[in-house]
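Below is one structure, written out as structure tokens, with a few remarks after it.
The values are calculated or read from the model by the stated rules, or taken from the named source; none is laboratory data. What you see is a predicted model, and the numbers here were worked out from it, not measured in a lab. A quick note on method: Cβ atoms are made from the backbone with ideal geometry, for glycine too, and the neighbour counts reach across all protein chains shown.
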């Protein structure tokens, strides 16, 4: 098993190095600059060096015949992939020359190149070509079109592999924007778009993928809660909404409200704006002897901390926390009502709803207890 793993690593390093070299020679699709070409050349050299090191380590474990067979397999596979890549790049150049740089036939050609690099785990190159495909799709099929969605999904997947979370977030926004305009509020595709976007933003909040500060995370959570509220209202206004669709929306909203309530409970009082003035002016007097030796009363105005300001900060925190704990409780009640009033729901759907309700009730109780302990933190 160890030998097979090392053989796989050697093949991978050698093949990727070869692709980098091909990109230097046929890189018209991604528009490499001189600096980028230099970086690519360095990467190819590094991968070649890695391959040589791995081969040297493996040589001690293989006899000469096995080593020769391995090299022949590497060369054959590298040649096959190099020929396929060159054919794809030649096809792109032919289409650009014959039909123009924005012809919609290039969408499939660029997407095919992206798929080629995904199969060979070169996600950065895949992103470049899927980006080219998306640009042409938006020009040739319009800013809102189904043709863009598979490309955007591929950009999300590959940027996720690269952990380029801001690019993933941008693509998630674009995917929701397109889907929400292609479908009505009562269509299943619209609900799926809302839930996909909501799940992504909830992950952003939980893992802080966009490296936001506390205030930024709170704003993101508040926006997401409002997003779910708006969409629940829109779906309900359509009349006879699908019960499972509404359940999914309430699941997303309640989970978001839980994250928001947790954040508020952890936030120190100093972050909340009180309704009282932070400072007040007090008059302080004392008896002093004047220049004639007569005792007189002398008063001055001084600025001091307002003891009621901290109380008003705590009131502001409690009001904000109650808003979201009440929303959690309301969601649990709405979920229960949907289960009770929709017998067409399957047993699995009802069981999932009951599990979610119990989790919300547990979280609600923990937040209530946490509030009592941390009132003046």
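Things worth noting here:
- Members of region 340-374 that are over 15 Å from residue 262 (Cβ atoms) and under 31 Å from the mean Cα position of the chain (by Cα): 348, 349, 350, 351, 352, 353, 354, 355, 356, 357, 358, 361
- Taking region 135-224 as the region of interest, the helices (runs of 4 or more DSSP H) fully inside it that hold 2 or more residues being out of contact with any helix residue (DSSP H, G or I) (no Cβ under 8 Å at 6 or more places or on another chain) and surrounded by fewer than 17 Cβ atoms within 10 Å (Cβ to Cβ) are 165-182, 188-207.
- The lone exception for residue 343 - which of (1) in a loop (DSSP other than H, G, I, E, B); (2) under 30 Å from residue 266 (Cβ atoms) it fails: (2)
- The residue list 304, 294 contains one member that is at pLDDT below 95 and in contact with a strand residue (DSSP E or B) (Cβ under 7 Å, 6 or more places away or on another chain), which is 304.
- Selection within region 268-307 - closer than 30 Å to residue 370 by Cα, free of Cβ contacts under 8 Å to residues at least 60 places away in the same chain and not in a strand (DSSP E or B): 270, 271, 272, 273, 274, 275, 276, 277, 278, 306, 307
- Selection status of residue 113, on the phi < 0 side of the Ramachandran plot, crowded, with 22+ Cβ neighbours inside 10 Å and modelled with pLDDT of 95 or more: no
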